[in-house]
Amino acid sequence: LAFRNDSFRRFMNHRAPANGRYKPTCYEHAANCYTHAFLIVPAIVGSALLHRLSDDCWEKITAWIYGMGLCALFIVSTVFHIVSWKKSHLRTVEHCFHMCDRMVIYFFIAASYAPWLNLRELGPLASHMRWFIWLMAAGGTIYVFLYHEKYKVVELFFYLTMGFSPALVVTSMNNTDGLHELACGGIIYCLGVVFFKSDGIIPFAHAIWHLFVATAAASYRLYATFMTNLY
C-alpha cells in the first residue's frame with residue numbers, strides 16, 4: 001500500500017527498522033513542526049477561556065488540568081520536532097525530547113478525561129478511575145523511560161488501552177450529556193492512529209496524524225467547555 005512512485009520519494013523516506021525511528025524528509029520535518037506549532041496559541045487562549053468560564057474551585061482545577069495537558073502536548077511536540085529537524089546532531093537532546101514527546105501523550109489522555117471524571121457523579125467502583133488513569137499515565141512514563149523505541153506495538157497498545165479504559169465508567173453515570181463530543185474525539189484519535197503508524201508508507205503521515213490530534217482535541221475542547229458551563 002506504500003506510495004512507490006518516484007515523484008513521492010522526496011516527500012518520504014523508507015520505513016524505519018523494527019526497533020529504530022523513522023527519519024523524516026525535510027518537507028516532513030517542516031510539516032511536523034508547523035502542524036502543532038500553529039496550535040499552541042489557540043490552545044493557550046482556549047485553556048484560559050475555559051478557566052475563566054469555571055464557576056468554583058473544583059471546576060477551575062479541572063480546567064487547569066485539562067488546559068495544561070492540551071498545551072503541553074502541542075508545545076513538547078513542537079519543540080521535539082524542531083530539535084529533530086534543526087539539531088539532530090545533538091543526539092542526547094533529541095533523544096530526551098523524543099521521550100518527552102511520547103510521555104506527554106499519556107498525561108494528555110489523562111487530562112482529557114478530567115472534566116468527565118471530576119465533574120460527574122460516579123459510582124463507587126468507577127470513582128477509582130479518577131486516580132487510576134493518572135497511575136496509568138505514570139506507568140506509561142516509566143515504560144517510555146525504560147523501553148523507548150524497543151516495543152512499538154506494546155507502546156501503541158498502552159496508548160489505546162489508556163484511551164478506552166475510562167470509557168468503561170460511562171455505564172455507571174446517570175447523566176451522559178456530552179458523550180457525543182467525547183465519543184467523536186475518541187473515534188478521530190483512533191482513525192489517526194493509522195497515520196501514526198504509517199511513516200514511510202504514506203507521505204507526511206506524521207503531520208496528518210497531528211491534524212487528527214488537533215481535530216479530536218477541538219472536539220474534546222467543546223465537550224470540556226460544555227461540562228464546565230453545565231456544572
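Take segment 110-161 and flag every residue that is surrounded by 13 or more Cβ atoms within 10 Å (Cβ to Cβ) and either at positive phi or β-branched (V, I, T) (or both). Residues satisfying the conditions are I133, T141, V144, E149. Just a yes or no: is a residue in segment 198-212 part of a helix (DSSP H, G or I), more than 24 Å from A37 (Cβ to Cβ), free of Cβ contacts under 8 Å to residues at least 24 places away in the same chain and not aliphatic (A, V, I, L, M)? The answer is no, given that none of the residues of segment 198-212 is part of a helix (DSSP H, G or I), more than 24 Å from A37 (Cβ to Cβ), free of Cβ contacts under 8 Å to residues at least 24 places away in the same chain and not aliphatic (A, V, I, L, M).
Elements of the type helices (runs of 4 or more DSSP H) sitting completely within segment 33-123 and holding at least 1 residues that are in contact with a Gly (Cβ under 8 Å, 6 or more places away or on another chain) and over 23 Å from W209 (Cα atoms): these cover 40-53, 114-119.
Residues in segment 204-231 that are modelled with pLDDT of 90 or more and more than 17 Å from the chain's Cα centre (by Cα): F204 alone.
Condition check ((1) under 29 Å from D199 (Cβ atoms); (2) surrounded by fewer than 19 Cβ atoms within 10 Å (Cβ to Cβ); (3) of a type in the set (D, E, K, R)) across all residues:
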residue: H36; (1), (2), (3): yes, no, no
residue: P42; (1), (2), (3): yes, yes, no
residue: D56; (1), (2), (3): no, yes, yes
residue: K60; (1), (2), (3): no, yes, yes
residue: S84; (1), (2), (3): yes, no, no
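Of all residues in segment 151-168, none that is in a helix (DSSP H, G or I) has its Cβ atom under 6 Å from the Cβ atom of a residue that is surrounded by fewer than 13 Cβ atoms within 10 Å (Cβ to Cβ) and among the aromatic types (F, W, Y), 6 or more apart or on another chain. When the residues of segment 91-131 are filtered to those that are within 24 Å of D56 (Cα to Cα) and among the aromatic types (F, W, Y), the one that is nearest to the chain's Cα centre (by Cα) is F108.
Residues R10, R21, R4, R15: which one is at pLDDT below 85 and in a helix (DSSP H, G or I)? Talk me through it step by step, then tell me what you get.
Details: R21 fails: in a helix (DSSP H, G or I); R4 fails: in a helix (DSSP H, G or I); R15 fails: in a helix (DSSP H, G or I).
One residue alone meets the criteria, R10.
The values are calculated or read from the model by the stated rules, or taken from the named source; none is laboratory data. As the structure is a computational prediction, the values presented were derived from the model and not from experiment. Quick reminder, even Gly has a Cβ in these numbers, built from the backbone with ideal geometry, and neighbours come from all protein chains shown.
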